[in-house]
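Below: the structure, in structure tokens.
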Amino acid sequence: MKKNKILMFAAAAVMFASCGGGGGRPTFGDNEYPVVTVGTSSTQMQTTYPATIKGVQDVQICPKVQGFITQINVKEGQTVGAGQVLFVLDNATYQAQVRQSQASVNTAQAACNTAKLSYENAKKLFENKVIGDFELQSATNSYESAKASLSLAQAGLASAKEMLSFCYVKSPASGVVGTLPFKKGALVNTASVLTTVSNNSQMEVYFSLTEKDALAMSQAEGGQKAAMGAIPNVQLQLADGSIYAHEGKVTKMSGVIDPATGSIQVIALFPNPEKLLKSGGSGSIIIPKSNSDAIIIPQACVSEVQNKKFVYTLGKDNKVKYTEIKVDPQNDGNNYIVTDGLKVGDKYVTNGITKLNDGMEIVPITPEKYQQKIDEQAKAMTAGDIVGAMKK
């Protein structure tokens, strides 16, 4: 018997707890409803934005000449340094061009040496008045022509060596090697992307702010640069839902609005000491937002009609008014932060709102007294009362 009473009391308590929310209220007979006065409090909210992760420097590696791949010196995911040879292309033709150019340089050098001897000899003969101006000038012109031919041959050799060097594809920066779509023996050209080298010591996370949010931030802080500085450290939620261990800082904000999306691109910089973040990954940027003067109300006292939210406010004549409010879209699932429709000092009904009508006169009581009455009525109920209440 004692056990049954305990179960009935528990059932009554659960029933009254459910009635205390938006689904109804116990009957006190005095038209009493709990009312509170709007105040402010501090709150910590957060806003999330879809994000894309990229290396600080993502370099696409493309050859400068066409050829067959003869060597692949790296593996996917390998860390490489700047200047390290990643690929070697077939270079027999370019080596032959270097040898041919070297031979041309040697020939031109010999011709230049001969022309120099002729010039020096003509100069001595001219000084001894053996030959005239014409012969000296002819020797001078031959020497100058030989030097020009040597310079041209040397330029050809430098060009041939440069073309040969293009067959050794090097990494322009330190980083991690991406995918390797081409295998040994494949024919590639200047449009072929052999791989991507990503500097992942730090990672840039790209996300977008709406034009409205960016404008509000800039106006509040007195400019875009100041607005970036005012953004607190941000967090990164990874694809698996976990929070990345290191916080990031917003470092860049585009000065151009994307006409297709009406948004502004923002970049946050994150350290990556464990190399957990990978270029091309995705996640969500979390920006914390503190508000020391927030109006916070329980969601249970808010009714929603056609995507609009309403509360019952209490006038001086103790009559309730069906009042529309606007709330911050970000919430914790239990409370709303009111952005419009309520001000400090207003009064609103917290429980039993489904029993109210616009303009209805009520007897306001405190939430504490309301809960006390619920507890007292629950204790006084008989088993028959509970069964009857459950049938309603």
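Consider Gln60 carefully, then state whether it is open to solvent by 50 Å² or more (accessible area, probe 1.4 Å), at pLDDT below 80 and in a strand (DSSP E or B). No; evaluated as a whole, the condition is false for this residue. Can you tell me which residues in region 132-170 are open to solvent by 40 Å² or more (accessible area, probe 1.4 Å), of a type in the set (A, V, I, L, M, F, W, C) and farther than 25 Å from Asp90 by Cα? Selection gives Phe134, Ala148, Leu152.
Restricting attention to region 152-192, the residues that are of a type in the set (Phe, Trp, Tyr) and part of a loop (DSSP other than H, G, I, E, B) add up to 2.
For the condition more than 40 Å from the chain's Cα centre (by Cα) and modelled with pLDDT of 90 or more, Tyr312 qualifies.
Under the condition of being open to solvent by 50 Å² or more (accessible area, probe 1.4 Å), farther than 22 Å from Met45 by Cβ and in a strand (DSSP E or B), the residues counted in region 292-338 number 4. Looking across Gln95, Gln100, one residue alone is in a helix (DSSP H, G or I), in contact (Cβ under 8 Å) with a residue 40 or more places away in the chain, open to solvent by less than 90 Å² (accessible area, probe 1.4 Å) and within 30 Å of Phe182 (Cβ to Cβ). It is Gln95.
Just checking, which of Lys289, Lys252 is open to solvent by 80 Å² or more (accessible area, probe 1.4 Å), under 13 Å from Phe207 (Cα atoms) and either of a type in the set (Lys, Arg) or assigned to a strand (DSSP E or B) (or both)? First the steps, then the outcome.
Working: Lys289 fails: under 13 Å from Phe207 (Cα atoms).
After ruling out the rest, the residue left standing is Lys252.
May I ask you to say which residue of Ser198, Ser208, Ser279, Ser284 is part of a loop (DSSP other than H, G, I, E, B), of a type outside the set (D, E, K, R) and in contact (Cβ under 8 Å) with a residue 60 or more places away in the chain?
Values: Ser198 fails: part of a loop (DSSP other than H, G, I, E, B); Ser208 fails: part of a loop (DSSP other than H, G, I, E, B); Ser284 fails: part of a loop (DSSP other than H, G, I, E, B).
After ruling out the rest, the residue left standing is Ser279.
Annotation: Ser279 fulfils all but one of (1) among the polar types (S, T, N, Q); (2) surrounded by 13 or more Cβ atoms within 10 Å (Cβ to Cβ); (3) farther than 30 Å from Lys64 by Cβ; the unmet one is (3). Of all residues in region 37-57, exactly one satisfies the criterion of being open to solvent by 60 Å² or more (accessible area, probe 1.4 Å) and either among the aromatic types (Phe, Trp, Tyr) or part of a loop (DSSP other than H, G, I, E, B) (or both), namely Thr40.
Considering only residues of region 183-201 that are over 11 Å from Cys62 (Cβ atoms) and at pLDDT 90 or above, which is surrounded by the most Cβ atoms within 10 Å (Cβ to Cβ)?
Quick first cut of region 183-201, residues over 11 Å from Cys62 (Cβ atoms) only: 183-187, 197-201.
Narrowing the set further to residues that are at pLDDT 90 or above leaves 183-187, 197.
Numbers: Lys183: 8, Lys184: 11, Gly185: 9, Ala186: 13, Leu187: 12, Val197: 28.
Going through the qualifying residues, I end up with Val197.
The values are calculated or read from the model by the stated rules, or taken from the named source; none is laboratory data. Remember, it's a predicted structure, so these values are computed and weren't measured experimentally. Because the Cβ atoms are built from the backbone with ideal geometry, glycine has one as well, and the counts that use them run over all protein chains shown. Heads up: the accessible areas ignore ligands, DNA and RNA and are worked out on the full protein's heavy atoms, side chains in. Shrake-Rupley method; radii C 1.70, N 1.55, O 1.52, S 1.80 Å.
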